[in-house]
Structure formats: structure tokens, C-alpha cells
Amino acid sequence: MDLTFASISEISKAVKSRKISAQEVTAHFQKRISSLDSKLNSFTSLNENAAKEAAAIDARIAQGEDVGPLAGVPFGIKEMLCTKNLKTTAGSKILSNFTPPYDATVVSRLKSSGSIVMGKLNQDEFAMGSSNETSFFGPVKNPWDVTRVPGGSSGGSAAAQAARLVAGTIGTDTGGSIRQPASFCGIVGVKPTYGRVSRYGIIAFASSLDQAGPMVSSVEDAALTLEVISGHDPMDSTSSQKSVPAWSQNLSADMKGLKVGVIKEYMKDGVDSDTQKTFSDALEALKKMGAEVVEVSVSMTEFAVPIYYLIATSEASSNLARYDGIRYGYRADFPSLSGVELEDFYGKTRGEGFGSEVKRRIMLGTYCLSSGYYDAYYNKAGQVRRMLTEQYLAAFKNCDVILSPVTTSPAFKIGELISDPLTMYLNDIFTTSTNLAGLPGMSVPFGASASGLPIGIQVTANHFDEQRMLNVGYALESVSPVKGSKPHVI
Ligand code: GLN
């Protein structure tokens with residue numbers, strides 16, 4: 001077994017049958033991180049206890065215990081998820097010294113399935129961005145071309161996975177942050193249905209949109225990881241009671257009779273030719289496998305980006321109000337607090353603690369929620385969101401899944417868009433509507449640009465229809481023209 005490129009189930013089987021120890025697996029990936037990550041900057045901190053935890057897994061296996069489906073499988077976790085005794089910063093100065101006393105449910109489920117948490121992964125500050133350039137810990141580089149961004153906000157997860165510094169990673173997706181970096185780095189990324197995965201212990205950005213999901217190297221690995229992290233959690237009132245199917249056991253590439261929807265409003269210009277070609281190649285491939293392509297209309301997608309940026313910033317302005325320098329997090333340096341006005345205290349602490357993109361969003365969100373503008377912006381955005389969701393539900397009466405590009409272009413250069421927030425926001429045109437409607441969506445590698453940069457395809461399904469989405473991803477993966485290609489860095 002080539003450990004670097006082994007699948008999650010291969011690693012776990014080998015560890016369970018004691019062909020290899022969890023300690024050896026951990027040491028192998030630790031070595032990769034220490035020799036390669038200086039080129040990528042994907043890790044923000046490492047779990048010093050990983051070797052000890054792997055030894056504990058080995059000891060339990062030696063005693064005949066079943067340690068779970070991820071036995072000894074090394075995972076990297078995005079900075080948005082709380083990890084007990086391991087720093088959790090959201091990529092921000094304001095939380096740069098925060099060590100949570102508890103694990104997010106996603107993390108505790110990974111651990112109780114036998115996985116080893118290797119460390120934390122870089123991201124845009126508070127998951128706000130599409131390039132990983134807003135992180136307090138500096139930009140992450142794309143392993144396919146280190147002058148380019150890995151995408152964002154889960155850029156560290158995507159880069160670490162593409163370079164195989166770990167066997168699996170977890171990202172979060174509020175408006176595309178799993179799917180867009182997955183596409184830019186040539187990996188599989190899944191954003192589950194809203195409510196499928198508990199948000200407990202995940203630092204809140206926009207609570208009605210946030211979901212965590214796997215960013216891994218294959219559809220099978222994604223299905224297996226998703227099974228582990230999904231399911232009802234009494235600690236998250238928005239988590240669904242629905243049972244979790246055994247997606248990984250039921251993967252099927254049989255596309256006969258499947259109706260693949262294409263949103264007619266998407267077929268406009270503004271998408272680069274390599275991305276366009278990848279999309280038509282994917283449609284052709286599915287047709288060859290017996291699927292039928294139908295046109296559907298979701299006209300409200302035209303407003304997805306503006307609605308998203310009104311709702312996400314409004315929720316963020318409220319969620320981020322808690323970082324006040326009093327309860328926890330960064331506090332500006334005051335020689336003495338006596339005589340300091342509360343407003344000056346907050347102003348200096350938050351002024352120094354947040355980066356400029358986060359401040360821009362807090363201001364935009366506060367404005368949207370202010371009494372004179374609430375109806376015109378926040379309320380209106382909520383109404384259009386509802387219409388968008390209804391259009392999707394109507395579209396899914398005529399098709400089983402919807403296929404689209406993930407982004408308008410492959411990975412752009414570091415520095416290219418960072419001073420142009422509007423163009424950066426427009427990058428989210430194909431991903432935000434999925435979050436607004438609460439639907440599951442995934443990115444699967446299916447093409448490459450002329451210069452060899454990866455391009456993904458997005459599969460979206462109806463609420464809780466992850467199996468069908470994963471099956472289409474599985475079918476595409478089986479005939480993907482870029483199957484097996486590897487980034488330059490490894
Ligand atoms: N790029 C989007 C934004 O900047 C999406 C972020 C995300 O999904 N967390 O808000």
C-alpha cells in the first residue's frame with residue numbers, strides 16, 4: 001500500500017488488521033507535513049499529542065476493540081472548528097490565543113471513530129473570503145502552482161489534502177468555502193444539506209448558512225467521512241433528526257434514467273473557456289452513461305450573490321459582536337483601564353483584532369440590520385431567499401440533480417483580486433445559492449485548464465438527497481479525464 005495516496009478505508013482496514021500501526025501512519029504524515037508544508041502554509045498548528053493518541057488506538061486494537069471506521073486515519077481540521085486543548089483561531093488575530101475546553105461535535109465524532117487529529121488548517125479570517133488571503137496566518141499556496149491561491153475560505157484544508165499531508169480534512173461552507181477550494185485544488189469537497197451536520201463547536205459566521213463537510217481525495221472517502229460526522233445532535237437545535245444512510249456502502253455509478261438539470265439562467269457569458277469545456281464534457285459523460293439532460297429554470301439565482309452578501313454579513317455582524325475583549329479573545333493593550341470609556345475599549349480591541357475584510361462585513365451587516373434599512377435589505381433578502389428555495393424545489397420536480405460549474409475560472413494568482421472585493425464576491429456566483437436554499441452540493445475534479453490547473457464540477461441535489469448527489473459524483477469520478485493527476489508540489 002502506498003500510504004501517501006491510500007484511501008481512508010484502505011488505511012483504516014490496514015490499521016485494524018495490524019498490517020500497519022496507527023503510530024506508523026501518523027509518523028508518515030507528520031514527516032510529509034514537516035517536509036512540504038513550508039511551501040504551502042496550510043497548517044496553522046500541529047497536535048503535539050498525535051503520536052500518543054495513535055499509540056492509544058493501537059493499544060485498543062491490540063486488545064481486540066473495534067475503534068471505528070476511521071481507525072488511525074489522520075485528519076486535518078479547519079481553524080473554524082473547536083478542538084479541545086488545541087488552538088482554534090478562526091484565522092483571526094482576535095482569537096489567536098484561544099484554546100477551547102471542548103471539541104466541536106464534528107471533531108468528537110471523528111475522534112470516536114478512531115481518527116487522529118493531526119493539526120489545524122489555515123483559512124480566511126472567520127471564513128470570509130474566496131482566496132485564503134485574509135488569514136491572520138498569511139496566505140496558503142495552491143500545490144498545483146504556488147503563485148496561485150488555493151481558494152477559500154477552506155484553503156488550508158484544500159491545499160493540505162491535495163498535497164496529501166493528511167488522509168482527510170474537514171472544511172466549512174457558508175457560501176462555497178468547501179466546494180470552491182476543492183475545485184481549485186483538484187479534490188472532492190462536500191457541503192451537506194443544512195442540518196445534516198451539527199454546528200455545535202463551529203465558530204459561527206452566518207448561522208443559517210454554515211455547514212461543515214469533508215474535503216478529501218475521492219467520493220468514497222467523502223461518503224465515509226460524511227457518515228461519521230452527520231446525524232442529530234441535541235447541542236444544535238438546527239440539526240436534523242433524520243437518520244444517516246450508509247452512503248459509502250451504496251455508491252453506484254449507474255446513471256441510467258437519471259435526469260440531470262442544467263439551470264438555463266447560468267448559461268451566460270463570464271465563464272472562462274476551460275471551465276465551460278469541463279462543464280460540457282461532464283454533461284456528455286453523464287449522457288453516455290445513460291443520463292438525460294433537461295433544462296430547468298431557477299431565475300432567482302441571478303440575485304444569489306447580493307442576497308448572500310446581505311444575509312451572511314447581517315448574521316456575521318451579530319455573531320461577531322461577542323468578540324469584545326472582555327470574555328475571551330484578544331484585548332488591546334491599555335496601560336490602565338481606569339477612566340477608559342467602554343466604547344473606546346471596544347473600538348481599540350476590535351479595531352486591532354479584526355482584519356479589514358471582517359470589518360467591512362461587520363459594517364455592511366450592521367447597516368443592513370439598522371432600523372431604517374432592515375426592511376429594505378435584510379427583510380427583502382430573506383423574501384428573495386424564500387423564492388429562490390421554492391424555485392429550486394420546483395426544479396427538482398423535473399430533475400434529480402443539477403450540474404453546474406463551481407467557479408467562473410480556475411485558481412487565480414495570489415494578490416490578483418484581494419483589492420477588488422466586488423470581483424472576489426462575484427466568484428461565488430455558482431455556490432452561494434446552494435447555501436441559501438439549504439441544499440447539498442459537491443465539487444468533483446473533472447477537468448484542467450490549458451496550464452494544468454484543476455477544474456471541478458458542481459453537483460447539487462434536493463434536501464437530504466446526498467446519496468444521489470454522491471452517486472453522480474462517483475460516476476463522474478470514474479470517467480474523469482484528470483483521474484490520478486497530481487499537483488507539482490508532491
Ligand atoms: N467566499 C464566500 C465568502 O467570502 C464564502 C465563504 C464561506 O463559504 N465561508 O463569504
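Only Cα pairs under 8 Å and 6+ residues apart enter the sum, and on that basis the relative contact order of the chain stands at 17 percent.
Using the Cα gyration tensor of region 387-444, with a ≥ b ≥ c the square roots of its eigenvalues, what is the shape: rounded (a/c below 1.5), prolate (a/b larger than b/c) or oblate (neither)? Prolate, since a/c reaches 1.5 and a/b exceeds b/c. Charges were assigned to the Cβ only: +1 to each Lys and Arg, -1 to each Asp and Glu. The resulting dipole of the chain about its Cα centre is roughly 640 debye. By the Kirkwood approach, averaging reciprocal distances over each pair of separate Cα atoms, region 305-396 gets a hydrodynamic radius of 15.1 Å.
Residue 176 sits among other residues whose Cβ lies under 15 Å from its own Cβ, and their net charge, with Lys and Arg +1 and Asp and Glu -1, is -1.
In the chain, the DSSP-assigned H stretches of four residues or longer account for a calculated mean residue ellipticity at 222 nm of -10500 deg cm²/dmol, using -39500 (n - 2.57) per stretch and the full residue count as denominator.
Taking a ≥ b ≥ c as the square roots of the eigenvalues of the Cα gyration tensor, region 1-139 is classed as prolate, since a/c reaches at least 1.5 and a/b is larger than b/c.
What GluC sites (Glu not before Pro) does region 272-367 have in DSSP loop regions with at most 16 other beta carbons within 10 Å? Answer by residue number: 341. Computed about the Cα centre, the dipole magnitude for region 119-192 is approximately 220 debye when only Lys and Arg (+1) and Asp and Glu (-1) carry charge, each at its Cβ. Residue 384 sits among other residues whose Cβ lies under 15 Å from its own Cβ, and their net charge, with Lys and Arg +1 and Asp and Glu -1, is -1. Cβ under 13 Å from residue 325's Cβ, residue 325 left aside: what net charge do those residues give with Lys, Arg +1 and Asp, Glu -1? Neighbour charge sum, excluding residue 325 itself: +1. In region 67-181, taking the dipole from charged Cβ atoms about the Cα centre, the farthest positive-side position among 122, 107, 71 is held by 71. Computed from backbone phi with θ = phi - 60° and the Karplus coefficients 6.51, -1.76 and 1.60, the 3J(HN,Hα) list for region 112-126 is 6, 9, x, 6, 10, 7, 8, x, 10, 10, 4, 6, 5, 4, 6 Hz; x is used for glycine and proline.
Using a/c under 1.5 as the rounded threshold, could you call region 331-490 rounded, prolate or oblate? The axes a ≥ b ≥ c are square roots of the C-alpha gyration tensor eigenvalues, and prolate needs a/b larger than b/c, oblate otherwise. Verdict is oblate for region 331-490.
Just so you know, all these numbers are worked out from the coordinates, no wet-lab data involved. Treat the numbers as computed from the prediction; the structure is a model and nothing was measured. Cβ: placed from backbone, ideal geometry, glycine included. Neighbour counts: every protein chain shown.
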